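See structure below.
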Amino acid sequence: MISIRTESVSKSFGSTRALDGVTLEIEPGELFFLLGPSGCGKTTLLRVLAGFATPDAGSVFLDGVDVTGVPPHRRRTALMFQNYALWPHLNVFRNVAFGLEQQKLPKTQIAAQVRHALAAVRLEDCAQRSVDALSGGQQQRVALARALVVRPQCLLLDEPLSNLDAQLRLEMRHEIRRVSKESGLTTVYVTHDQKEALATADRIAILHEGRVVQSGSPVSVYRLPHNAFVASFMGETNFVPGALRQIAAGVAIVETSLGAFRGRLGNPHWNPAPGEKALLSIRPEAIEFASPSETPINGIRGRVAGSLYFGEIARHVIDAGDGLRLNVAELNPSDAQGAGRKSVTAVVRAEDVIVLEPGSSCSAL
Ligand code: ATP
């Protein structure tokens, strides 16, 4: 198992700055996700790691060795693309063996490596099948076996599940995690799908306009976003503007038009002073209805402007006055339409109120 490190990697295409000083440290054996919207530089970064693109500035290290100028075939990385086109006229075995045959390895060695790769993706019984006769998920496994067969130390996956339907995506992301862990591979996985990243990753780096804007465990990037971009990109959230009244040890009290809120500072590098403007990020599922007699700090009072019932969850829109509408997700709802709740009180725990710098879309790590 090897580590991957990038130091201040930048890459431009004409006037487009695809990567802008990307520094990352990926642990040996880690399943690491690069997540971000279309055009943020994910594929470019993966191609730089594989050696298919050369950075204009900065360095790439594999296991501590600078490989910035080393060609792809000498890096022991395997890259699997979005469109993992298989050869339709070759059977499963020959599709997986193809790269090794090009290297003119001995037949017995090829057979052994192909068998091993097919076993890793649980397709050992399908070696002689035509790839056309396989399901989408099985074809995806063949593509994964083709990447594994060269015995890489790093597996680089670019939107590997984009060709699959929703149900297969769910199954295959667990499968990729299993294969990556059982094979002891350091894996970098590119996606724009937040749920895929949250459900599968050890750690996630979120890219925005060629820069890493935050990295950390799925729980940390979802629950403690450093800025407004990460807060809204990782999932639905409510933004409430306000001004800081008090701040001590990372805990802030913010005055808003809804009242005062106690919350946690999102970005550990932001040192605001009392009186500064702030933006609260509150996820819909963090807001809970409370009894009207409670007048807690972190309370929200308003009117139910609309409700939708989905069975396990109901979604409500609360009109809190002053032009503010908050989305609330209620788990296990007993009251489908919010009936009898025309006027509501709700509460949110301080740990679920994230205090952000207004306009902070791209602050440093
Ligand atoms: P997507 O999710 O849509 O695949 P991405 O996050 O992988 O996007 P990249 O493909 O890395 O983004 O592209 C980053 C930026 O660099 C984009 O603005 C893209 O248009 C540009 N770019 C990438 N490759 C080239 C190229 N070969 N020539 C010119 N511009 C490029």
- prompt: According to the square roots a ≥ b ≥ c of the eigenvalues of the Cα gyration tensor, what is the shape class of region 209-328, taking rounded for a/c under 1.5, prolate for a/b larger than b/c otherwise, and oblate for the remainder?
  reply: oblate
- request: Leaving ligands, DNA and RNA out of it, work out the accessible area of Asp56 with a 1.4 Å probe and give it in Å² to the nearest 10.
  value: 100
query: Using only helices, what value at 222 nm comes out for the chain when you add -39,500 (n - 2.57) per DSSP H run of length 4 or more and divide by the total residues, to the nearest 500 deg cm²/dmol?
result: -7000 deg cm²/dmol
- prompt: Mean shadow of region 117-268, computed from the convex hull of its alpha carbons, in nm²?
  reply: 11.8
Neighbour net charge for Val60 - beta-carbon separation under 15 angstrom, K R +1, D E -1: +1
message: Taking 41 Å as R0, compute the FRET efficiency from the Cβ-Cβ separation of Glu236 and Ala85 and round it to 0.05.
response: 0.70
- request: Determine the share of the chain's accessible area contributed by carbon and sulfur atoms, expressed in whole percent, with a 1.4 angstrom probe.
  value: 52
message: Could you work out how much longer the chain between Ala199 and Ile313 gets when fully extended? Use 0.36 nm per residue separation minus the Cα distance between them, nm to one decimal.
response: 39.1 nm
message: Stokes-Einstein diffusion coefficient for region 102-196 at 37 °C in a medium of 0.692 mPa s, Rh from the Kirkwood formula over Cα pairs: what value in µm²/s?
response: 233
message: Taking only the Cα atoms of region 114-155, how large is their convex hull per residue, in Å³?
response: 63
Lysines whose Cα lies under 29 Å from that of Lys42, excluding same-chain neighbours fewer than 8 positions away: Lys11, Lys181, Lys195
- request: Would you rank Tyr189, Tyr309, Tyr222 by solvent-accessible area, highest first, keeping every protein chain in place and using a 1.4 Å probe?
  value: Tyr309, Tyr222, Tyr189
- request: Just subtract the alpha-carbon distance of Arg303 and Glu101 from 0.36 nm times their residue separation and send over the number in nm, one decimal.
  value: 65.9 nm
- prompt: Distance from the Cα centre of region 301-319 to that of region 132-173, in angstrom?
  reply: 39
- prompt: Stretched out fully, how many nm does the piece from Trp270 to Arg122 gain, at 0.36 nm a residue minus the Cα gap?
  reply: 48.4 nm
- prompt: For q = 0.06, 0.07, 0.09, 0.15 Å⁻¹, what log10 I(q)/I(0) does the chain give under the Debye formula with an equal point scatterer on each alpha carbon and no solvent?
  reply: -0.30, -0.40, -0.63, -1.19
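The values are calculated or read from the model by the stated rules, or taken from the named source; none is laboratory data. Because the structure is a prediction, the values reported are computed rather than measured. Cβ coordinates were reconstructed from backbone atoms using ideal geometry, including for glycine residues, and neighbour counts include every protein chain displayed. For the accessible areas, the whole protein counts, side chains as well, though only heavy atoms, and no ligand, DNA or RNA atoms are used. Shrake-Rupley method; radii C 1.70, N 1.55, O 1.52, S 1.80 Å.
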